[in-house]
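Note sheet for the following structure.
None of the figures in this text is laboratory data; all of them are computed from the coordinates on show. Predicted, not measured: the structure shown is a model, and the values here were computed from it. Cβ placement follows ideal geometry from the backbone for every residue including glycine, while neighbour counts extend to all protein chains displayed.
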Amino acid sequence: MNVPLSDASLTEEEKKILLNVFRRKRLALGSFLNKFEEKMKEYFNVDYAVAVNSGTSALHLILRSLGIKENEGMIVTPFTFIASSNVAMFERAHPVFIDIDPENYNIDIEKIELTLNDIDHPLWKRIKGLKDITFFMGVDIFGQPLDWDRFFELNKKYNWKVVEDSCEAIGAKYKDRMVGTLGEAGTFAFYPNKQITTGEGGMIITNNEEIAKLSRSMANQGRGDSYEWLEHVRLGYNYRMDELSAALGYVQMKRLDEILEKRENVAKNYYELFKEEDRVILPHVEEYTTKPSWFVFVVRLSLDWISNFIDIPEYMKSFDLPLYIPDNEREFWKSKVLEIREITYDIIKQLNAVGIQAKNYFSPVHLQKFYRDLYGYEYGDYPVTELISSLTIAIPFYTELDFEKQQYVVENFRNILNNY
Ligand SMILES: Cc1ncc(COP(=O)(O)O)c(C=O)c1O
């Protein structure tokens, strides 16, 4: 049996609407673009929605609209998809990483101040020329909202501009409030592995007129309000969403609630099938997540189980980790993390060998080659992220995943662990 990691949910309605666009031959800047944006405004009860060609473009436009400047800092998690932090670098600003919570994998709010107040944190030698920290990029990782109220309480002191990277969390609610609507502007992404898809695509939602106006203009080559084709009033990009994508998004958006419900059922099935399996730790959903929006299903191997094969110190097993690893312990730390990761990768390989597509989600952003080259990050800079990343496995998860396939995934997963 082959079970892919993800698979888009497409029905006859999607096919019909695409044919409709095809027949009309209005392939860009057509009426579905407007309809899709209107649908978004209505669903999220916001004043503005701007459709663009990717989640990355959406994030970039918000930062530009809010005027992030060279050498300013933007707080962000290193346990995310790389676009969350890259967008600051597009503007020659710097991502300022803060480590994550080992339970929910979102940025650890408590660690924000602890890190910033620690003058010995490696961060300060990594980022040369950092001026003020002016932005906070809040990522709702894997569809799980971060603890926004705790963050906003802290932000009363700092007043960072807040951008929501809800690219993985469309439709999720934090204490009954829609994610994407909590900061100055929020974003969603529609790559085919997402809850809803437009092929490639992204969306900005906001109540801030200026962000909406500037983003719309910059997404369209800096054209002004007149929309004269060859009149450009500012530097812009071609970040426009095409009409086929917009039509697809419009239909998918109408099905969003149904899709989220189906995905919740798939997640529930996994919880049931993995019941009493203590070698695998399942995603932890916080109580404040009053409506989940499942993007991926990421499990992690238990360190207790892994310690049957390699020696693991107690402080690692209990995630009792410092803000950063002291210099004299770094070699040991790195070797342990890599040893653990080897087991995880081996399990992934064995899952793949029986037709189950699985992947390690995410690899720490700060340890990506060009981040290391540019900033000099090393193992030990963000211990929780590094350890969690060495253990996580995204298993097949999509809207139409049937129970039989889920059984196949879990049975094989268990067998692989039994025979390890
Ligand atoms: C957290 C996060 N941010 C940003 C993006 C960027 O979206 P896109 O791939 O559409 O550019 C993604 C997409 O995978 C994501 O998961």
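Cβ crowding within 10 Å ranks M1, M40 as M1, M40, fewest other Cβ atoms first. Simple point charges give the picture: +1 on the Cβ of Lys and Arg, -1 on the Cβ of Asp and Glu, and for region 12-256 a dipole about the Cα centre of about 920 debye. Cut-off under 19 Å on the C-alpha distance; same-chain residues fewer than 8 positions from K262 excluded. Which aspartates and glutamates are left, in chain and number order? Excluding near neighbours in sequence, the set is D7, E12, E13, E14, E168, E272, E400, D402, E404. For region 141-245, the square roots of the Cα gyration tensor eigenvalues, ordered a ≥ b ≥ c, give a/c of at least 1.5 with a/b no greater than b/c, which places it in the oblate category.
In order along region 221-237, the phi-based Karplus estimate (6.51 cos²θ - 1.76 cosθ + 1.60, θ = phi - 60°) of 3J(HN,Hα) comes to 6, x, 5, x, 4, 6, 6, 4, 4, 10, 10, 10, 9, 8, 5, x, 9 Hz; Gly and Pro are listed as x. For region 81-127, just say rounded, prolate or oblate: build the C-alpha gyration tensor, square-root its eigenvalues into a ≥ b ≥ c, call rounded for a/c under 1.5, and beyond that prolate if a/b exceeds b/c, oblate if not. It is oblate, given that a/c is not under 1.5 and a/b is not larger than b/c. For the chain, the relative contact order comes to 23 percent (Cα pairs under 8 Å, sequence separation of at least 6). Summarising the strand pairing of the chain, around 60 percent of its internal DSSP beta bridges are antiparallel. Measuring spread by the Cα atoms of the chain yields a radius of gyration and Dmax of 21.8, 68 Å.
For region 12-256, what log10 I(q)/I(0) values come out of the Debye formula at q = 0.17 1/Å, with one point per alpha carbon and no solvent? Here the Debye-derived log intensity ratios amount to -1.24.
Between R92 and F152, the modelled labels are 3.5 nm apart [label points 7 Å from Cα along Cα→Cβ]. The peptide list 162-175, 348-361, put in order of mean Cβ contacts within 10 Å with the highest first, becomes 162-175, 348-361. Cβ crowding within 10 Å ranks S363, S57, S217 as S363, S217, S57, fewest other Cβ atoms first.
Just to be sure I follow: if Rg is taken over the C-alpha atoms of region 306-360 and Rh is the Kirkwood radius over the same atoms, what is Rg/Rh?
Radius of gyration relative to Kirkwood radius: 1.08.
In plain terms, the bigger the Kirkwood radius, the slower the diffusion; for region 135-200, with that radius from Cα pairs, at 37 °C and 0.692 mPa s, Stokes-Einstein puts D at 270 µm²/s.
Counting Lys and Arg as +1 and Asp and Glu as -1, each charge on the Cβ, what is the dipole of region 189-346 about the Cα centre in debye, to the nearest 20?
540 debye
Restricting the trypsin sites (Lys or Arg not before Pro) of region 242-298 to loop positions (DSSP other than H, G, I, E, B) with no more than 15 neighbouring Cβ atoms within 10 Å leaves K275.
Cross-linked pairs K173/K194; K39/K359; K41/K268; K317/K405; K111/K291: Cα-Cα separations exceed 22 Å for K39/K359; K41/K268; K317/K405; K111/K291. Is the C-alpha gyration tensor of region 257-418 telling us rounded, prolate or oblate? Criteria: a/c under 1.5 is rounded; beyond that, a/b larger than b/c is prolate, otherwise oblate. Judged from the Cα gyration tensor, region 257-418 comes out prolate (a/c at least 1.5, a/b above b/c). About its Cα centre, the chain has a charge dipole of approximately 1540 debye under the convention of +1 per Lys or Arg Cβ and -1 per Asp or Glu Cβ, with nothing else charged.
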